[in-house]
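Only the coordinates and a few stated rules stand behind these numbers; no lab work does. In this text the structure is predicted, and so the values were computed from the model without any measurement. So basically every Cβ, Gly included, is an ideal-geometry build from the backbone, and we count neighbours across all protein chains shown.
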Amino acid sequence: MARMSLRQQSARALRGVAWRIERPPRTWRRPAAPPQQDPGELTAAESPPGSRIASWFFEQFPRFYLTSSTGLNTGRLNLRYEAIFGQNRDIFAGASVLDLASHDGRWSLAALASGARSVTGIEARPELVKAATENLEEYGFGADRVRFVCGDVHEVLSTQDFAADVVLCLGFLYHTLRYNELLHGIRRTGARYLIIDTFSPYMMGPVPNVHVLTEQAEEEGKAAADTYTDGASVLVGCPNLAAIRIMLGAYGYRVERLSDWAGLLRDNQGTDNCGDYANGRRITARCVNTSAAPGSTG
């Protein structure tokens, strides 16, 4: 009996060792909470396979592949068009649009092609204002439909009056830290809709976060120098979605829905340089003025 008991003890010990080897390692870190969704906020409706195939809009307007150092990734540019305009076409018909940091006019033209009545762009770099004006003229849009104002976005918003139905803030939110000025200026336009396309390394984190860094003002795709710039570096921030919700709420806006980037990437496989959209670090958000009556335009 003693020998049998010893065997039983040995077998039990071996089973215990095997259990510990096969058992997944224990972690004492609490799992991250899923990001909280704002009441009423939706991701664009799930789409069946094949319904998000890109129209390759900018193939009709190839100048935009050449007039900026940030237009080289043609697939990315065309998918961004689909997320910004293709999935929000209903808000542009007959609208007056304000295009912040309007670059070479690519998004101003897209707004006009989507049915906008008129577009005003604000851009800090004179060479890009010149390129935008020439691009739009080349494609048949003159001063009766579009104009570009050269100057710091915040200063122009604070010193000039703009009435708009839709404001575009595309690729600009991470080139500034002056959020109070920016959102106050947007609020002054009376716009019913605001489209934001932006990046944060912590975009979907549950805790409001603004990632702060500096950019070199001499680079075209970076923040432009402003009155607060000391030297060549510009202080900027990358707010995540939770922070964006708070900031928008302080000025009477909320995120209404996020564009369906999952569907775009599913139906346009092989498109290069869209990893930030694929991993959720970059989003396209349609925001609505909570005080505007439904159906009003600004």
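Would you pull out the residues with amide H under 5 Å of Ile283's amide H, same chain only if 5 or more places away, H placed 1.01 Å from N?
Thr198
Considering amide H positions built from the backbone, and no H for Pro or chain starts, which residues 5 or more places from Gly121, or on another chain, come under 5 Å of its amide H?
Correct list: Asp99, Arg147, Phe148, Val149.
Where the centre of each part is set by its Cα atoms, how far does the stretch 168-237 sit from the stretch 59-103, in angstrom?
Here the two parts' Cα centres lie 19 Å apart.
Provide the descending list of Cα extents for the stretch 90-137 along its principal axes, expressed in whole angstroms.
Principal axes ranked by extent give 32, 18, 11 Å for the Cα atoms.
Classify the stretch 158-298 as rounded, prolate or oblate, taking a ≥ b ≥ c as the square roots of the eigenvalues of its Cα gyration tensor: rounded when a/c is under 1.5, otherwise prolate if a/b is larger than b/c and oblate if not.
oblate
Residue by residue, what Karplus-based ³J(HN,Hα) values in Hz, rounded to whole numbers, does the stretch 107-116 have, using 6.51, -1.76 and 1.60 with θ = phi - 60° and x for Gly and Pro?
7, 5, 5, 4, 5, 5, 5, 8, x, 4
For the pair Asn273 and Ile246, how long in nm is the line joining their label points, each one 7 Å along Cα→Cβ?
Here the modelled spin labels are 3.4 nm apart.
To the nearest 20 debye, what is the magnitude of the charge dipole of the stretch 166-281 about its Cα centre, counting +1 on the Cβ of each Lys and Arg and -1 on the Cβ of each Asp and Glu?
Approximately 680 debye in magnitude.
Highest mean first, what order results for 246-254, 78-86, 113-121 on Cβ atoms within 10 Å?
With the highest mean Cβ count within 10 Å placed first, the list reads 78-86, 113-121, 246-254.
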